Amino acid sequence: MNLFFNSSMPRSGSELLQVILHQNPAIYASPTSPLLEYQFAARGNVSLPEVKAQNSELMEIAFLSMCRGMAESYYKHITDRQYVIDKNRGWIHYWEWVNQWNPNPKMICMVRDLRAVVASMERVYRKTRHLPVGPDNPAQIQNMTVMDRVNYWLNTQPIGLALARTTDCFQRGIAKNILFVKYEDLCDYPEQTLGNVYRYLGLPEYKHDFNKIEKQVQEDDSLFGPYGSHKVHPFLSKSKKNWSEVLPRPACDQIVKAVPWYFSTFQYEVYS
């Protein structure tokens, strides 16, 4: 099995990329995967007396071998496709660990203009006012305004954690090993963008149909709540800079000011 990883920012088109790549009969592009969580559970037991009582070097080798075997066994009964792209936002934070059991791992990280990401969350918030799922707390007067919610989302799950992990991978110097793909490029230049993905993965290119995008690997979105929808549009359309329809200018400025490195690194226009 040839295993690759999708460890993207939230609401940045990671599901869209997976669905498109899954059109290739050689690639199994997973839905949100529990593989990393399974490995977390195993990692949580490396300090057991039964482990420490044995040779530490041998136990480390055995544990890492088990991580590889876990991945292989997991997908053996899910797909017979030659290549697997496992999707979990956590992979990017554990590149070194993955590198120990899957040398030189290929990881894709989708990114998107943070103003669009936060605006997407705010849209969901406004569409689900009939449900008790928003971050607002009238009793404590918390997250009652757009500006408050922008700050909340930038510093909590899922956006805040993903931002911290992305920041950290640059600080650790592993960003050079990761392919960052802009959502806007995928929408506006799909053939060129997919070509870059295939070259990075070292795979032969495939002719994708961007006008017939159908999710073939299903998952139950109800378990993720309204903010965790994995639905995709049946065709690819141009990206839109429409966050100003949802976020006032001061909120957009607040986002840019909070993480200026993100906008400069991924070359997003600050005032548009």
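Numbers below:
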read-out: For segment 120-170, convex hull volume per residue from C-alpha positions, Å³; value: 77 Å³
read-out: Gain on full stretching of the segment that runs from VAL270 to SER56 - 0.36 nm per residue minus C-alpha separation; value: 71.9 nm
read-out: From the coordinates shown, log10 I(q)/I(0) by the Debye sum over Cα atoms at q = 0.08, 0.09, 0.13, 0.17 Å⁻¹ corresponds to which of [x] -0.33, -0.42, -0.84, -1.31; [y] -0.29, -0.37, -0.81, -1.46; [z] -0.37, -0.46, -0.94, -1.44; value: [z]
read-out: Karplus 3J(HN,Hα) series, Hz, for segment 115-124 with 6.51 cos²θ - 1.76 cosθ + 1.60 (x for Gly, Pro); value: 5, 6, 4, 5, 4, 5, 5, 5, 5, 4
read-out: Charge dipole of segment 75-205 about the Cα centre (unit charges at C-beta), most positive-ward option of THR156, GLN171, LEU114; value: THR156
read-out: Gyration tensor (alpha-carbon) shape descriptor, segment 1-107, a/c threshold 1.5; value: prolate
read-out: Residue order, fewest to most surrounding Cβ atoms within 10 angstrom, among ARG43, ARG165; value: ARG43, ARG165
read-out: Filter on LYS87/LYS176; LYS176/LYS215; LYS212/LYS257; LYS212/LYS241 - keep pairs with C-alpha separation over 29 Å; value: LYS176/LYS215; LYS212/LYS257
read-out: For segment 154-176 versus segment 1-50, the gap between their alpha-carbon centres in whole angstrom; value: 17 Å
read-out: Formal net charge of residues neighbouring GLY13 (Cβ-Cβ distance under 11 Å; K, R +1; D, E -1); value: 0
read-out: Net charge dipole size for the chain [Lys, Arg +1 and Asp, Glu -1 on Cβ; Debye, nearest 20]; value: 500 debye
read-out: Residues of segment 171-198 with amide N under 15 Å of a point placed 7 Å along Cα→Cβ from TRP261; value: 171-176
read-out: Long-range amide H partners of VAL181 with built H, under 5 Å; value: CYS109, MET110, VAL111
read-out: Segment 2-265 - share of DSSP beta bridges that are antiparallel (%, nearest 5); value: 5 percent
read-out: Dipole axis of segment 2-265 (+1 Lys, Arg; -1 Asp, Glu on Cβ), positive-most option in THR193, ALA71, VAL98; value: THR193
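Bear in mind that the values in this text are calculations on the coordinates, not laboratory data. Note that the coordinates shown come from a computational prediction; the quantities given were computed from them, not determined experimentally. In this analysis, Cβ positions are derived from the backbone assuming ideal geometry, glycine residues included, and neighbour counts consider all displayed protein chains.
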